[in-house]
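What follows is a set of notes on a single structure, which appears directly below.
What follows is calculated from the coordinates using simple rules that are stated; it is not laboratory data. Please read these numbers as outputs of a predicted model, since none were measured by experiment. Quick reminder, even Gly has a Cβ in these numbers, built from the backbone with ideal geometry, and neighbours come from all protein chains shown.
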């Protein structure tokens, strides 16, 4: 995989690099200056999900974001179970020579961030969950979504058939089902992703291996300040279910966003940026701390 495969119109393409770590060939974007902020996207998305949010914060933080395994322009992982994804992303942080001062994860990305903290892969001073997906659907041990994804993967043509049908109208309808509204440019970026059968297969593979019960059991051990941000119009993850899981985190601050859906950070990046700034200030990371980037030995 080379940078040449990344479309010219892809957000922050000039900050892209391909880095091998933890057995995965990662598409990484890195830019900005200040304390390191790690952004982790959710299932079916990519680094583009943080386009406007990252722009808003890059003057105050060094932004690091990567496509999850099998997503966007990152290579696949055969069995992307949550602990393995967290471990591999931790290996990427070590390869880059950074230790994030802050981490923010959207949906499944919040689960990855929490698993990384619990397993000691990163030690941020605050962790922000954006529409955190911390509880499986349907009450089953691994959730209805995981079972449906496994069934879909039984037919190797499923990703290609899905991609063939990914026009602007169908992608807009898919996004609307999350309770969010994006502009035409935002919809077009998701369409570009979903036109790639490999990306669709990567999203299905992640869902098929996703088991959240162990994470739920471990949430009471989280000691990092971890505000959880949930759009009250979220239709992808029922807000009440998200709050029930988030309350397992000791002292968890709950932040509600009226009128916004599952992609609230894309609908209103300014408000989300303010929430991250507030979490940074509460953790003692203000403008004067920009020189303290929490690099590990060997970083540039």
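Only bridges whose two residues both fall in region 1-135 count here: according to DSSP, what percent of them are antiparallel, nearest 5? Please report the intermediate quantities before stating the final value.
Values: 11 of 24 bridges.
Rounded to the nearest five, the antiparallel share is 45 percent.
Scattering from the C-alpha atoms of region 31-114 alone, worked out with Debye: what is log10 I(q)/I(0) at q = 0.15, 0.27 1/Å?
Results for region 31-114 at q = 0.15, 0.27 Å⁻¹ read -0.50, -1.52.
As a check on your grasp of the helix formula, calculate [θ] at 222 nm for the chain: sum -39500 (n - 2.57) over DSSP H runs of n ≥ 4, divide by the residue count, round to the nearest 500. Before the final figure, lay out each step's value.
Working: 12 runs with 114 residues, N = 300.
Value at 222 nm, helices only: -11000 deg cm²/dmol.
How long is the chain along each principal axis, judged by its Cα atoms, biggest number first, in Å?
Result for the chain: principal-axis Cα extents of 52, 43, 35 Å.
Between region 206-246 and region 1-42, what is the separation of their alpha carbon centroids in Å?
If we compute the Cα centre of each part, the gap is 26 Å.
Using a Gaussian network model of the chain whose springs link C-alpha atoms within less than 10 Å, name the residue from 164, 77, 207 with the highest mean-square fluctuation.
164
Could you tell me what fraction of 2.2 N^0.38 Å the Cα radius of gyration of region 158-208 comes to, as a two-decimal ratio?
On the way: Rg = 10.8 Å, N = 51, 2.2 N^0.38 = 9.8 Å.
Output field value: 1.10.
Given springs between every Cα pair under 10 Å in a Gaussian network model of the chain, which of 264, 282, 166 has the largest fluctuation?
282
Would you please put 112-120, 33-41, 170-178 in order of how densely packed they are, using the mean number of other Cβ atoms within 10 angstrom per residue and starting with the highest?
Numbers: 112-120: 21.9, 33-41: 24.7, 170-178: 16.1.
For the peptides 112-120, 33-41, 170-178, the packing ranking is 33-41, 112-120, 170-178.
Take every Cα-Cα distance within region 1-54, group them into 5 Å bins from 0 onward, and report for each bin the whole-number percent of pairs it holds.
4, 16, 27, 28, 19, 6, 0
Connecting C-alpha atoms closer than 10 Å in a GNM of the chain, tell me which of 184, 99, 267 has the biggest fluctuation.
Of the options given, 184 has the highest mean-square fluctuation.
Using 7 Å Cα-to-Cβ label points, what is the residue 174/residue 95 separation (nm, one decimal)?
2.7
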